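One structure below.
Coordinate-derived values only; no laboratory data. Since the model is a prediction, treat every value here as computed from it, not as a measurement. Here the Cβ is made from the backbone with ideal geometry for all residues, glycine too, and neighbour counts use every protein chain on show.
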Amino acid sequence: MMNITTSYVDMYNRIHTKTHATVGKIKDLIENEDISASDELYTFLKEIEDTFRRNKISAFTDIATYRIDLLSSRIALDQRVPQKSHQLEKAMALIPDITKTVHEALRPIKNRINESRVIIKELISQAYDSNMVQYHEATNFSDFINALWRLLLNHDNFKTKAITVSQSITNNDILYILAEEVHPGKKPAPKKVVG
């Protein structure tokens, strides 16, 4: 398990959303021959590299290589090649590799989250089936979720799977997924995990 300071769910959502939005914006800038596309891509790469490095995701070295490659495009070796067009061509050429690298780096995190979600759904369903879970309107939902997680971690029927989940994702991720999956006052309906 990676030692991280943020949650897997939060990190995955932030990077996935940022990649989608930023790459779209950069492509639009390139199509409009706006040289700021190079700066936007450089800034994006720096942010992703920093996030990957902080979270010990080895793809940060690939992202750093793309960033250096982009930076080198700002220096025209041949004065006959217009610098602006060279930078924009380089930025456009790097985008497919960058998005592939980010996607591949996020895949194990996404899989870890989805596998944990499946186990958490099973545990919640078993707890409801055993009549061990009862939510009352007067109960604070956050307190309920925390108590439910403690029950799952400590009860012999759930402990093994709960420990497996706790070794796979952060406690904040677990509480977040529990809150998403629990529907106060009723048994949760099974949902398909997006893969």
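For this structure, a couple of remarks:
- Surrounding net charge for D97, when Lys and Arg each add one and Asp and Glu each subtract one, Cβ distance under 13 Å: 0
- Per residue of the chain, the DSSP helices (runs of n ≥ 4 H) give a summed -39500 (n - 2.57) that works out to -24500 deg cm²/dmol at 222 nm.
- Relative to the Cα centre, the charge distribution of region 111-181, modelled as +1 at Lys and Arg Cβ and -1 at Asp and Glu Cβ, gives a dipole magnitude of about 220 debye.
- For the chain, the average shadow cast by the Cα convex hull is 13.0 nm², which is a quarter of the hull's surface.
- About the Cα centre, charge dipole magnitude for region 8-109 (Lys/Arg +1, Asp/Glu -1 at Cβ), debye: 300
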